[in-house]
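Below is one structure, written out as structure tokens; comments come after it.
The values are calculated or read from the model by the stated rules, or taken from the named source; none is laboratory data. What you are looking at is a predicted structure, and each value in this text was computed from that prediction instead of being measured. Glycine also receives a Cβ, built like all others from the backbone with ideal geometry; neighbour counts cover every protein chain displayed.
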């Protein structure tokens with residue numbers, strides 16, 4: 001056997017590669033081991049067309065800079081920061097939901113209405129004086145049933161997902177209308193539900209949650225470094241952990257300041273509850289995608305379904321399950337939607353909800369062609385798509401080149417979001433061209 | 001690599017007992033009989049080239065061995081015992097692996113992920129990446145692969161020859177005893193063809209029985225220990241690859257089922 005065996009535990013000296021031919025077998029597997037090597041490796045990946053979430057991160061930085069410069073007092077206010085995170089939360093959850101089917105190269109156009117129906121089930125059960133847990137369980141069960149139904153139609157009957165979920169848009173909208181009774185709205189009294197989006201942790205608890213979060217992150221990074229047997233340099237781990245400490249520390253500090261208006265009756269301070277909830281969801285779902293065989297098989301089917309089938313993967317069952325998972329997570333997204341306005345009506349999950357969710361996933365770097373995407377993409381893309389209306393709304397009316405433009409109008413917001421989505425899918429399509 | 005064989009008629013060269021012996025295989029699709037009393041042997045540690053024109057029955061024969069087609073009549077003996085290969089799973093369980101021309105790789109996954117697709121190693125439910133990486137590297141090293149920079153490279157970034165290499169390594173990983181390669185060099189350039197042929201030799205050197213389907217007679221002459229030529233659904237000849245075998249004789253066997261005094265008798269060849 002070759003020298004690769006011994007290279008695992010001793011940090012080897014890697015000759016700088018002089019063109020592809022000069023490298024012997026697995027030369028790169030013995031590196032990078034130092035920070036420079038790790039950075040070069042990720043730079044090579046980017047050049048190879050694997051942009052991942054870089055466009056989304058850039059978009060966030062650019063948008064924050066633009067809005068921050070034009071409206072420093074309102075956009076950069078602490079209240080708006082918390083508000084914006086809450087606006088983004090439901091888009092992010094539904095984007096995470098559709099990521100599962102997007103990975104297969106499928107689509108769920110009705111995920112928004114799945115969320116609406118789940119929200120309506122929760123609201124009506126609570127109104128019927130069910131306790132919270134059974135009501136939430138019922139809501140989740142209904143969302144699962146809707147997902148399984150979609151998956152059955154796609155995987156077993158063999159109808160393209162685009163068509164099935166197009167029909168579902170009408171079907172689920174009908175169910176939603178029946179549940180909330182036309183024109184009606186179901187109020188939610190449960191404080192636990194209403195606090196999901198809008199509630200805040202106490203400042204002390206905020207620090208505790210932040211500390212636990214960063215601690216777990218550090219632990220997982222160190223573990224991964226150890227499991228990589230030298231492929232990940234320790235300095236990179238410290239860099240990441242240090243960055244996380246600073247970022248989370250600053251965010252927690254800002255959120256722990258009173259952000260209510262000067263004449264408000266009570267102070268508002270502490271981390272919005274959505275943040276730890278979203279963080280837990282991202283971690284759990286990312287784990288499923290990247291560390292389990294199930295997740296691996298999702299990517300495989302999205303990449304080459306025939307190869308996956310020949311490798312013994314039950315492609316039909318996997319498709320069905322992906323739609324089921326999408327249904328359940330979209331259902332949880334419905335709770336976020338309901339919690340934000342403390343009620344459910346015929347518009348919950350309707351209109352542009354689904355488009356924004358799919359848009360968020362794609363802007364974050366998830367491919368519409370299947371086989372590529374992560375949970376973090378949904379978060380980053382969701383932030384971009386929430387930043388646009390939030391910032392534009394605060395910019396308001398301005399005179400530009402002699403024209404009066406109302407940036408807070410829906411027209412401008414739609415156009416801006418549409419442009420962002422087109423830009424993101426162009427990046428997706430072009431980088432795909434480059435890698436194949 | 002070639003086994004010494006002083007006998008010219010091809011019947012008495014003794015490479016030991018065959019690992020796989022398909023005896024009297026018949027297969028029809030409706031009224032069309034595709035395989036006629038096929039007698040096909042594959043020996044461990046040897047490369048058996050399966051040649052023949054399009055429609056001669058090569059693919060059907062391979063699919064019968066791989067459990068994709070059920071046979072109408074005949075016996076398949078594997079390792080001396082009669083084997084009933086009714087579905088692909090049964091073939092896999094015996095250690096029969098087929099690398100089809102389309103390779104069946106997922107471009108969006110890396111080499112390790114492809115090699116372990118559908119049989120991932122897990123530790124308490126979590127993917128054991130390190131163990132898979134090690135095993136993948138060992139398998140590639142045992143095949144003498146020297147062209148892969150990292151086992152964590154995505155398949156989309158690999159060349160055609162490298163992809164063929166990965167597909168073969170994927171087939172070999174585990175308990176492969178017999179590997180069928182369907183035109184592994186058809187789409188490759190000169191240098192890459194050479195790499196893949198080296199790998200084929202190395203595979204047989206490791207004791208694996210290799211069936212090489214190829215239309216390229218130079219490849220066949222270079223790596224094959226034995227040649228089975230098919231003509232119109234029959235085995236026209238089963239010969240050791242010795243110095244009497246030439247490109248011309250192989251082409252004659254493929255096109256007419258006869259070459260000199262070997263091959264099918266006139267009656268059968270229509």
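Here residue B:138 meets the list (1) within 21 Å of the chain's Cα centre (by Cα); (2) part of a helix (DSSP H, G or I); (3) over 30 Å from residue B:27 (Cβ atoms) almost entirely, failing just condition (1). Which one is nearest to the other protein chains (Cβ to nearest Cβ), of the residues in region A:46-71 that are in contact with a strand residue (DSSP E or B) (Cβ under 9 Å, 6 or more places away or on another chain) and modelled with pLDDT under 70? The qualifying residue nearest to the other protein chains (Cβ to nearest Cβ) is A:48.
Looking across region B:141-158, the residues that are within 21 Å of the chain's Cα centre (by Cα) and over 13 Å from residue B:170 (Cβ atoms) come down to B:141, B:142, B:144.
Take the conditions modelled with pLDDT under 90 and buried (at least 21 other Cβ atoms within 10 Å of the Cβ) and apply them to residue B:85. Does it pass? Taking the combined requirement at face value, the residue satisfies it. Looking across region B:127-139, the residues that are more than 7 Å from chain A (Cβ to nearest Cβ) and touching a helix residue (DSSP H, G or I) at 6+ places or on another chain (Cβ under 6 Å) come down to B:132, B:133, B:136, B:139. With (1) in a helix (DSSP H, G or I); (2) surrounded by fewer than 18 Cβ atoms within 10 Å (Cβ to Cβ) as the list, and residue A:340 as the residue in question, which single condition is left unmet? Unmet condition: (2).
Here region A:298-315 is the region considered, the condition is being within 8 Å of another protein chain (Cβ to nearest Cβ), in contact with a helix residue (DSSP H, G or I) (Cβ under 7 Å, 6 or more places away or on another chain) and more than 17 Å from residue B:111 (Cβ to Cβ), and the residue that is surrounded by the fewest Cβ atoms within 10 Å (Cβ to Cβ) is A:313. Any chance region B:171-180 includes a residue that's within 24 Å of residue B:58 (Cα to Cα) and either within 13 Å of chain A (Cβ to nearest Cβ) or without any contact (Cβ under 8 Å) to a residue 12 or more places away in the chain (or both)? Scanning region B:171-180, I find at least one residue that is within 24 Å of residue B:58 (Cα to Cα) and either within 13 Å of chain A (Cβ to nearest Cβ) or without any contact (Cβ under 8 Å) to a residue 12 or more places away in the chain (or both), so the answer is yes. Taken together, A:112, A:147, A:105, A:151 contain a single residue that is at positive phi and in contact with a helix residue (DSSP H, G or I) (Cβ under 6 Å, 6 or more places away or on another chain), which is A:105. Entry remark, region B:18-69: residues being in a loop (DSSP other than H, G, I, E, B), out of contact with any helix residue (DSSP H, G or I) (no Cβ under 8 Å at 6 or more places or on another chain) and buried (at least 16 other Cβ atoms within 10 Å of the Cβ) number 5 in total.
Matching residues to (1) in contact with a helix residue (DSSP H, G or I) (Cβ under 9 Å, 6 or more places away or on another chain); (2) surrounded by fewer than 12 Cβ atoms within 10 Å (Cβ to Cβ); (3) not assigned by TED's automatic domain parsing to the domain that holds residue A:348:
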| site | (1), (2), (3) |
| --- | --- |
| A:181 | no, no, no |
| A:191 | no, yes, no |
| A:195 | yes, no, no |
| A:206 | yes, no, yes |
| A:209 | yes, no, yes |
| A:213 | yes, no, yes |
| A:218 | yes, no, yes |
| A:225 | yes, no, yes |
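Note on region A:227-245: residues that are surrounded by 14 or more Cβ atoms within 10 Å (Cβ to Cβ), away from chain B (no Cβ under 14 Å) and either free of Cβ contacts under 8 Å to residues at least 40 places away in the same chain or assigned to a loop (DSSP other than H, G, I, E, B) (or both) amount to 8. Restricting attention to region B:80-110, the residues being within 10 Å of chain A (Cβ to nearest Cβ) and part of a helix (DSSP H, G or I) number 3. Determine if region B:116-130 includes at least one residue that is surrounded by fewer than 22 Cβ atoms within 10 Å (Cβ to Cβ), in a helix (DSSP H, G or I) and at pLDDT below 90. Yes, some residue in region B:116-130 is surrounded by fewer than 22 Cβ atoms within 10 Å (Cβ to Cβ), in a helix (DSSP H, G or I) and at pLDDT below 90.
A count restricted to region A:176-200 and to residues that are closer than 28 Å to residue A:277 by Cα and assigned to a helix (DSSP H, G or I) stands at 9. For residue B:147, state whether it is within 10 Å of another protein chain (Cβ to nearest Cβ) and buried (at least 18 other Cβ atoms within 10 Å of the Cβ). The answer is yes for residue B:147.
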